[in-house]
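Enquirer: First the structure, then my questions, so here it is.
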Amino acid sequence: MNGGDGEVAAASAGPPPLLEWKFSQVFGERTAGEEVQEVDIISAIEFDKTGDHLATGDRGGRVVLFERTDTKEHGGSRRDLERMDYPVGRHPEFRYKTEFQSHEPEFDYLKSLEIEEKINKIRWCQTANGALFLLSTNDKTIKFWKVQEKKVKKISDMNVDTSKAVGNGTLASSSVTSSPKHYLANGGYPDKSYNGLSSDISIPPGGLRSLRLPVVVTSNETSLVARCRRVYAHAHDYHINSISNNSDGETFISADDLRINLWNLEISNQSFNIVDVKPANMEDLTEVITSAEFHPTHCNMLAYSSSKGSIRLIDLRQSALCDSHCKLFEEQEAPGSRSFFTEIIASISDIKFGRDGRYILSRDYMTLKLWDINMDSGPVSTFQVHEYLRPKLCDLYENDSIFDKFECCLSGEGLRVATGSYSNLFRVFGCTSGSTEATTLEASKNPMRRQVQNPSRPSRSLSSSITRVVRRGSESSGFDANGNSFDFTTKLLHLAWHPTENSIACAAANSLYMYYA
């Protein structure tokens, strides 16, 4: 997705080769039988634009940062290392960097509502002077964080200078007691019988000729300090579902069920309401906003999705309040296909722009759809994520799983898309013309484990099960893609694709898994 010419070149060269995914790392892996604490479950994942840092948020209000190590150890960027003919690591590797408490549980006394500390979204901002900046939000409050390395300041030894002391005693930094003492001008005691020092210290006659006073010194040690620079609060009556940075580097949007607000990063006490879908009478409410994102390069354009399965593209130059959209993307309902669940499963849970802004990826309950912003007649591609669940929609409604909000992501070059499913599975699809790539992976140390062919289905070869050649994964069995029983309690809702590498980070409960191809 690096422009139209790149798309044409890719199409003429045919689809890219199929990727073989391998396990890279896991953070916070559970031991067998270990019970997961609710506060430890990961609720947000985000790479920064360079791919050198990764942030996760959890239901306990914490933000954990990871940094890339495979290039940092040798210095310079990956491109610089390749130019120097330096052997570059085969895949990105990360290590724990730091963590901080972003949000605390609150209580709204006016509405008698508890406000969870759970992190809903994290977005990286532009770095400056070696410091990292990011936005994090819970249901009501957005915070702007600065994470910076600072040199540790220490207090020098508070002891007398032993090099100038005369006598056979040894002086220790902790040898002086805190008892009140009366000193002579030269450091001696007026009362010889007073012994305020430890028994192994002897004071030479006439006292000490020098005394080292405590001094604050800056050491070579550094520590990471996270500081909340601004708090953007009291602007949303409903739960915040999205935040998105603008390409101008100065503003961002926050969206709840009925409104989208525009903020300046420098001003925390004022925001502008740019989208408001709240009807005069709430009984007339037919749809809500589910996700919103700025265009990656045009600072005046943004898109938001709705619970009715539509995506609206708006231009901030048209008016202060963008009641009307400049483009509407929705797929027409097939005649005779409507059911009780139609509107529920049509609700879009996440949208993402491709890197160049030409395409929008959307995720509803059953499918991934890729939209061309120049073609609003329908999606250019539709990928069935777990079509085999359609007969089970009634059960999914009963246990509320049908309301789960799965995220989606695109690869940096725009050739592939990915999203999660149940049983800790996630799916990767090729989205170039002619591609049949549709891989099912499991968030575990053996991601291809679920790809092992079921003996009861000899008609599919092993190779076709590892990289699905069935049209976009449209299996129709009562089980998962390979006949395994389905577990609705383990769901992979959050995942992110590295901006420059074929590497995916995904969250399975409290564990962060990373894969590469």
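The values are calculated or read from the model by the stated rules, or taken from the named source; none is laboratory data. Given the structure is predicted, the values throughout are model-derived calculations rather than measurements. A quick note on method: Cβ atoms are made from the backbone with ideal geometry, for glycine too, and the neighbour counts reach across all protein chains shown. Note: areas computed on protein heavy atoms with side chains; ligands, DNA, RNA excluded. Shrake-Rupley method; radii C 1.70, N 1.55, O 1.52, S 1.80 Å.
Enquirer: With an 8 Å cut-off on Cα pairs and a minimum separation of 6 or more residues, tell me the relative contact order of region 235-286 in percent.
Expert: Relative contact order for region 235-286 comes out at 25 percent.
Enquirer: Carbon and sulfur atoms: what percent of the 1.4 Å accessible area of region 332-423 do they account for?
Expert: Carbon plus sulfur share of accessible area: 50 percent.
Enquirer: With a 1.4 Å probe and all protein chains kept in place, how much accessible area does ASP108 have, in Å² rounded to the nearest 10?
Expert: Accessible surface of ASP108 is approximately 40 Å².
Enquirer: If you consider only alpha-carbon coordinates, what radius of gyration and Dmax does region 245-397 have, in Å?
Expert: 16.5, 52
Enquirer: Could I ask something else about it? Ranking request for peptides 397-403, 361-367: highest mean number of other beta-carbon atoms within 10 Å first, then the rest in descending order.
Expert: 361-367, 397-403
Enquirer: Return one whole number: the accessible area per residue of region 227-290 in Å², for a 1.4 Å probe. All intermediate terms of the calculation are to be shown ahead of the outcome.
Expert: Values: 3170 Å² over 64 residues.
I get 50 Å² per residue for this part.
Enquirer: Now for a separate question. Going through the cross-link list LYS150/LYS405; LYS22/LYS491; LYS97/LYS154; LYS308/LYS445; LYS278/LYS392; LYS49/LYS278, which pairs have a Cα-Cα distance over 27 Å in this structure?
Expert: LYS150/LYS405; LYS308/LYS445; LYS278/LYS392; LYS49/LYS278
Enquirer: Could you please put ASP376, ASP350 in sequence from largest to smallest accessible area, using a 1.4 Å probe?
Expert: Values: ASP376 75, ASP350 5 Å².
If we order ASP376, ASP350 from most to least accessible, we get ASP376, ASP350.
Enquirer: Of the peptides 499-506, 99-106, how do they stack up when ordered by the mean number of other Cβ atoms within 10 Å, highest first? Working shown, then result.
Expert: On the way: 499-506: 22.4, 99-106: 16.5.
So the order, starting with the most tightly packed, is 499-506, 99-106.
Enquirer: With a 1.4 Å probe and all protein chains kept in place, how much accessible area does VAL217 have, in Å² rounded to the nearest 10?
Expert: In the full protein context, VAL217 sits at about 70 Å².
Enquirer: Here is a further query. Please work out the C-alpha center-to-center distance from region 237-285 to region 102-154 and express it in whole Å.
Expert: Region 237-285 and region 102-154 have Cα centres spaced 17 Å from each other.
Enquirer: Rounded to the nearest 0.05, what FRET efficiency do TYR109 and GLU149 give with R0 = 30 Å and r taken as the Cβ-Cβ distance? Could you check?
Expert: Computed FRET efficiency for TYR109 and GLU149: 0.15.
Enquirer: Where Lys and Arg each count +1 and Asp and Glu each count -1, what net charge lies around THR218 among other residues with Cβ under 9 Å from its Cβ?
Expert: Working: positive: LYS151, LYS153, LYS154; negative: none.
Net local charge, THR218 excluded: +3.
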